[in-house]
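The values are calculated or read from the model by the stated rules, or taken from the named source; none is laboratory data. Keep in mind that this is a model prediction, so the values were computed, not measured. No Cβ is skipped: glycine too gets one built from the backbone with ideal geometry, and neighbour counts run over all protein chains shown. Surface areas here come from the heavy atoms of the whole protein model, side chains and all, with no ligands, DNA or RNA. Shrake-Rupley method; radii C 1.70, N 1.55, O 1.52, S 1.80 Å.
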Amino acid sequence: MPDVYNPQLGREQPYPYEHREEERDYHWGMVINTNRCINCNTCSFACKSTWTSGEGEEYMWWMNVETEPYGGYPMGWDMKLLPELDEDETIFEAADSGEQAKGYIAAKQEWEYPALGDDQVHGEYPTGETVESDLENDEYHDIWQFYLPRLCNHCKNPACLAGCPRQAIYKREEDGIVLLDQERCRGYRRCVKACPYHKPMYNPETGITEKPVGCYPRIEEGNVPRCVSSCIGKTRLHGNINRGPDAGHAGGKRSAADGRSPINYLVHSDEKVALPLYPQFGTQPQVFYMPPYHVPPEFLTQMFTPNTEQKRNDWPGSTYEESIRIVQERARDPSHHVLGILQLFGATTRLIETYTVKENKVKGWDQNGEKVVDMPIYEDIEVREGEQWTNQ
Ligand code: SF4
Ligand code: F3S
């Protein structure tokens, strides 16, 4: 296998196909603020009714929301794979002979309960009593859970693509979306086994596998995916993750204004506030999460950092756990700039390519250079004249 550079791990790693993903002008990406998710599953149903409502697709939830730490779809998907990997070993390095990646096919019953573990909390829950939290003295809650929306990451090192011997899975040149060609697929299910996030799903009625499509028809028209536009909690921002600070003004589609994309700032600036899920798998996932700020950092460390002995120097803090504390604090008490970007979440169904935060204003432009958001960061509060309501 050739080596490719993985910036999430800060090192080269083996991957079956050579590529230079960081040099693409455009790559599909998403940031999800877990602190705003209320597990309403509007995203899950919007996705299902759009893409997987047919025969044989009954258990296909391309978009699902699971409660951490006990939920998971398929059941226990992460806890089954993590112990199979040695420290500092990606799924490609841990592959058994004749395979491209370490993985497993979840059993039928593991797909049957998408909501198992929902709302189950971690920690002793004194039933029948009032739960008191002493946040003055304890920084984090003893009793906790949080919601983790999960979807295909349109990885830069897609394990599904690596696994398919028919080369039925491909990554689109124009936006990095990973698609499965159903004409080529013969139902070998090597992709189902290889994807550590379990997003390619086999259709027993057709004998063909299906995988999430990144809502590509909407992306092609400059709109955000259905899970993003339908989210009532305004948890998500979608855009071009590869558009960094040096992107210039060239005019026309996808380069209509100077500057970086808002999601690139949240993920790649010095003010890193959104993290990939299980980067140690080595697939370079392109969905990034603002971590919940009430959850103990030792749990989040294994979920959102490379979690190796050797800490990378582009992470803040002296250990990964310390880094998580810093990122949690940034999410809890955002800078003015991050607060400005947070106003863009759910503000428009148009795909925001570039943005500015200036004084009390945040503005966003689409790929054609049209302004699609222009709003204050802090709203003025009007106090009405006259008699104040009182219950005295
Ligand atoms: Fe493929 Fe899985 Fe990555 Fe999606 S999350 S691109 S299905 S490896
Ligand atoms: Fe390939 Fe997966 Fe189909 S391995 S043949 S895309 S089931």
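Overview of results
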read-out	value
Residue in segment 100-108 that is aliphatic (A, V, I, L, M) and without any contact (Cβ under 8 Å) to a residue 40 or more places away in the chain present	yes
Scan of segment 148-193 for residues that are within 12 Å of ligand 2 (Cβ to nearest atom) and within 22 Å of residue 275 (Cα to Cα), ordered by number	158, 159, 160, 178
Yes/no for residue 154 being at pLDDT below 95 and either open to solvent by 50 Å² or more (accessible area, probe 1.4 Å) or assigned to a loop (DSSP other than H, G, I, E, B) (or both)	no
Members of segment 287-300 found to be more than 16 Å from ligand 1 (Cβ to nearest atom), out of contact with any Asp or Glu (no Cβ under 7 Å at 6 or more places or on another chain) and outside any loop (DSSP other than H, G, I, E, B), listed by number	290, 299, 300
Count of residues meeting criterion [modelled with pLDDT of 95 or more and either under 11 Å from residue 262 (Cα atoms) or in a helix (DSSP H, G or I) (or both)] in segment 332-343	8
Filter result for residue 375 (modelled with pLDDT of 95 or more and open to solvent by less than 30 Å² (accessible area, probe 1.4 Å))	no
In segment 187-222, the residues that are more than 11 Å from ligand 1 (Cβ to nearest atom), open to solvent by less than 20 Å² (accessible area, probe 1.4 Å) and closer than 13 Å to residue 52 by Cα	203, 215
Out of 367, 328, 310, 284, sole residue that is of a type in the set (S, T, N, Q) and either assigned by TED's automatic domain parsing to the domain that holds residue 171 or part of a helix (DSSP H, G or I) (or both)	328
Criterion (within 16 Å of ligand 1 (Cβ to nearest atom), open to solvent by less than 40 Å² (accessible area, probe 1.4 Å), in a loop (DSSP other than H, G, I, E, B) and small (Gly, Ala, Ser)) met by exactly one of 244, 176, 233	176
Matching residues, segment 78-88, being more than 22 Å from residue 151 (Cα to Cα) and either touching a residue at least 24 places away in the same chain (Cβ under 8 Å) or not assigned by TED's automatic domain parsing to the domain that holds residue 58 (or both)	85, 87, 88
Matching option when the condition is aliphatic (A, V, I, L, M), within 23 Å of residue 177 (Cα to Cα) and modelled with pLDDT of 95 or more, among 63, 75	63
Near pairs, Cβ below 6 angstrom, 6+ apart or cross-chain, from segment 159-177 (free of Cβ contacts under 8 Å to residues at least 40 places away in the same chain) to any residue that is of a type in the set (Asp, Glu)	168/181
Among (1) modelled with pLDDT of 95 or more; (2) open to solvent by 40 Å² or more (accessible area, probe 1.4 Å); (3) touching a helix residue (DSSP H, G or I) at 6+ places or on another chain (Cβ under 7 Å), the one test that residue 93 misses	(3)
Count of residues meeting criterion [in contact (Cβ under 8 Å) with a residue 40 or more places away in the chain and in a loop (DSSP other than H, G, I, E, B)] in segment 8-53	16
Filtered residues of segment 254-310 (kept if in contact with a helix residue (DSSP H, G or I) (Cβ under 9 Å, 6 or more places away or on another chain), without any contact (Cβ under 8 Å) to a residue 40 or more places away in the chain and of a type outside the set (D, E, K, R))	269, 300, 301, 304, 305, 307
Filter result (assigned to a helix (DSSP H, G or I) and open to solvent by 20 Å² or more (accessible area, probe 1.4 Å)) within segment 62-84	79, 80, 82, 83, 84
